[in-house]
1. I'd like to know which of Ser289, Leu276, Tyr217 lies farthest towards the positive end of the charge dipole of the chain, counting +1 on Cβ of Lys and Arg and -1 on Cβ of Asp and Glu.
2. So if R0 is 35 Å, what FRET efficiency would Lys679 and Ala200 give, r being the distance between their Cβ atoms, rounded to the nearest 0.05?
3. For a bin width of 5 Å, list the pair-distance distribution of the stretch 202-251 built from all Cα-Cα distances, rounded to whole %.
4. From the P(r) of the stretch 35-82, could you give the percentage of C-alpha pairs in the tail past 17 Å?
5. Which stretch or stretches of the stretch 195-225 have amide N atoms under 15 Å from the point lying 7 Å from Phe91's Cα along the Cα→Cβ direction?
6. How long are the three semi-axes of the equivalent ellipsoid for the stretch 40-114, computed from the Cα gyration tensor as the root of 5 times each eigenvalue, in whole Å, largest first?
7. Sticking to Cα atoms, compute the Rg of the chain to one decimal and its Dmax as the biggest Cα-Cα distance, whole number, in Å.
8. Take Val530 and Arg286, extend 7 Å from each Cα along the Cα→Cβ direction, and tell me the distance between the two endpoints in nm.
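Each value in this text was obtained by applying a stated rule to the coordinates, not by laboratory testing. Computed from a predicted structure; not experimentally measured. Here the Cβ is made from the backbone with ideal geometry for all residues, glycine too, and neighbour counts use every protein chain on show.
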Amino acid sequence: MFEFFSTKGFKSYVKEARKILDGNWTGRYTKPSPTLYPHQWNWDSAFMAIGYAHYNEDRAIKEIHSLFGHQWENGMVPQIVFNPEALGNYFPEPDFWQVPGGRLTSGITMPPLHAIACLHIYQHAKNRRSAHDFLKEMYPKLMASHRYLYRHRDPVKTGLVYIRHPWESGLDNSPSWDCPLKNIQVEKTGLPAYKRKDLAHGVPVEQRPSNEDYDRYVYLVDLFRENHYDETEIYRQCPFLVQDVLFNSILCRANRDLAEVGKIIDQDVSEVEEWLAQTSRAIRERMWSPERKQFDPIDLITGEQLPTATAASFMPLFAVAASQKQAQLLYERLNSVSFCALHQGNCFTIPNYDMARNEFDPKNYWRGPVWININWMLSQGLKSYGYREKSDAMKKDMIQLPVRFGFHEYFDSITGKGYGSDSFGWTSSLFIDLVYEYYDEDRQALNWLGRRKSRKLKDVKILNEVPGVIPSPAADLAPKLMSSIGELKDMFYSMDRGLVDYAAMKRSEEYRSYLESVVHLKAFDLKGLVTREEKLAFWINLYNTIVVQGIVELGLNSSVRGISNFFTHIAYDIGDYTFAPDDIEHGILRSNAHPPYRMSPVFKGRDPRRAYMIEPMDNRIHFALVCGSRSCAPIRFYEAGAIDDQLETATRNFINSSEVVILPEKNKILLSEIFNWYKKDFGHRRDIFRFLRPYLDQDEKAEYLAEHMDTIEVEHLFYDWNLNH
Ligand code: 9WN
């Protein structure tokens with residue numbers, strides 16, 4: 001296996017993302033989308049600034065300034081700042097809100113992400129001095145916005161603030177609000193006349209909130225308007241008052257960052273620290289549901305928790321408010337089939353709603369699709385608690401979604417298809433942030449490998465030596481080994497949680513007995529393998545076996561990237577010779593072809609192992625080896641008698657997975673890096689297309705490829721180094 005962490009190719013997508021942001025930029029703020037959302041939105045602006053911070057500090061600062069330029073006297077930062085030049089295309093606009101003083105804003109707020117964005121701007125600033133001035137200017141405004149929340153949205157001092165409209169949550173039609181909204185009795189005749197405008201921009205109705213939802217949204221706005229936006233009155237009368245997990249978690253994290261901001265500019269931060277302590281305690285103690293082992297919002301009208309199954313309930317990870325024990329339980333749920341586990345096929349990172357529930361809808365807005373902003377926050381939260389592998393896998397998925405499917409508002413959690421608006425602001429800006437961070441981590445990883453030589457195995461580590469066990473010949477050794485590996489997988493790998501308990505595996509009796517059988521490879525007579533089929537099955541199985549054993553022995557966390565020379569420095573002694581995974585792959589199975597980016601073949605000169613090369617090579621082996629791609633077929637036992645069918649199936653599965661994506665609308669085909677690394681085996685573009693053709697499901701995309709073989713643009717996807725289990 002060839003190991004190279006490739007980031008090439010993203011630059012063009014970063015360019016595309018920047019172009020989208022340029023297109024949505026109005027000179028003062030960035031529209032969330034070109035037509036659906038023409039005004040300035042509260043938390044969108046924070047997400048935009050986070051992306052801009054990497055390459056256009058000035059714009060990041062202007063974005064925040066523009067929003068806070070419309071902060072209310074009571075400190076509230078409004079959900080929408082309307083652009084007078086863009087009125088007429090959105091509902092509701094100022095004529096409907098009628099907020100005091102004729103302000104051009106809505107009369108509600110949104111999750112307070114701005115302290116987080118301001119700190120991020122400062123941390124990435126090239127011009128530290130002007131960023132310092134920016135923090136000085138923003139600090140009192142941010143303080144006023146948090147003070148507003150604690151004063152007006154937590155009147156009985158619980159440490160948790162309430163939202164009074166689903167739009168304030170940012171997740172408008174989240175299933176979490178079904179119950180409290182249903183409790184609002186709306187008489188159609190009592191509602192002011194209104195016309196939805198969100199359905200006039202080409203987004204299908206099934207991807208947007210329902211009319212029943214809109215009636216209630218309007219009902220609540222009407223109530224605020226009638227009460228002249230008086231918070232005390234609204235608190236008395238509003239039928240929707242919810243302490244939301246996402247809102248409070250963001251506030252908690254924003255307090256943390258605001259305290260940091262205050263310290264940078266030498267302020268007394270005791271008030272913020274008090275808020276931080278109160279809210280994180282209240283999240284931990286009052287929002288936690290011990291029975292459901294999750295965080296749930298609290299409905300202040302009924303006084304009850306609202307049992308939910310949305311991604312918002314994991315948000316205390318982002319706040320760093322969950323205890324270690326709570327975080328572990330959250331992780332187990334988050335990394336399960338309900339929310340797309342590591343290595344699980346047919347899903348893309350965390351959807352907004354439990355995929356196992358009846359109400360789950362992969363297309364409808366906040367009722368199932370994947371949202372980049374939610375995943376961005378959760379991946380940071382997971383990293384803070386040490387769930388690095390999951391956090392990294394999420395980052396890759398977040399990068400891959402727009403690369404494969406475009407810069408959409410949200411994505412189908414099963415197919416990845418983009419929905420809602422295209423050219424979406426925060427998808428573009430957070431993509432930029434992720435790629436910048438990814439490049440950075442990549443650079444650090446490479447430096448780290450260079451510096452820390454100890455993570456390289458110095459000598460070849462023979463994995464089939466057990467003191468006291470004498471090798472003896474056995475003809476059915478290979479099938480025995482595979483069934484023994486299968487047993488280990490059944491016992492120690494949990495598919496729904498995506499976890500492998502390597503430590504327990506290593507301690508187990510089953511592993512000991514597996515080790516004892518692998519010793520006998522030393523007495524195995526390779527000449528006993530006569531037919532091409534026998535040889536193929538034997539070597540593929542052996543390759544897959546040694547990789548799994550290598551991971552267990554070296555204590556790697558299911559990714560071979562933990563050791564820089566993994567594929568050359570673990571080996572089995574077989575008969576008179578030693579074989580590392582690279583010897584098996586490139587020497588035997590690829591007929592001694594050069595490993596990619598290496599100058600010489602693995603068997604040099606008269607290496608006697610050349611006698612076992614399989615010629616001609618069968619390029620389908622690439623889809624049968626434990627290749628590290630989550631879309632690979634699971635490790636299976638290959639049998640000489642069925643090897644051709646099995647390789648056909650493995651190839652077909654791979655080619656129809658997300659490793660080969662045809663995008664007719666972009667005249668592009670995205671191909672796994674495997675086709676790039678192994679040009680020697682697959683040839684160049686036309687040869688690759690010819691190879692793909694018989695395997696591709698016969699649909700319009702396959703037809704498109706057949707008709708555009710000469711003009712279609714090829715791009716390569718980056719490689720996921722997590723093992724396929
Ligand atoms: C209402 C702008 C906003 C996001 C929200 C998202 C959606 C508005 C709408 O669009 O809400 O605020 O009209 O649907 O739910 O999170 O900020 O992108």
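1. Of Ser289, Leu276, Tyr217, it is Leu276.
2. The formula returns an efficiency of 0.10 here.
3. Per 5 Å bin, starting at 0, the Cα pair percentages come out as 4, 16, 17, 17, 21, 15, 7, 2, 0.
4. So the pairs more than 17 Å apart make up 34 percent of the total in the stretch 35-82.
5. Label zone hits: 195-203, 205, 208-222.
6. 23, 14, 10
7. Gyration radius and largest Cα-Cα distance of the chain: 28.5, 91 Å.
8. In this crude spin-label approximation the distance works out to 7.9 nm.
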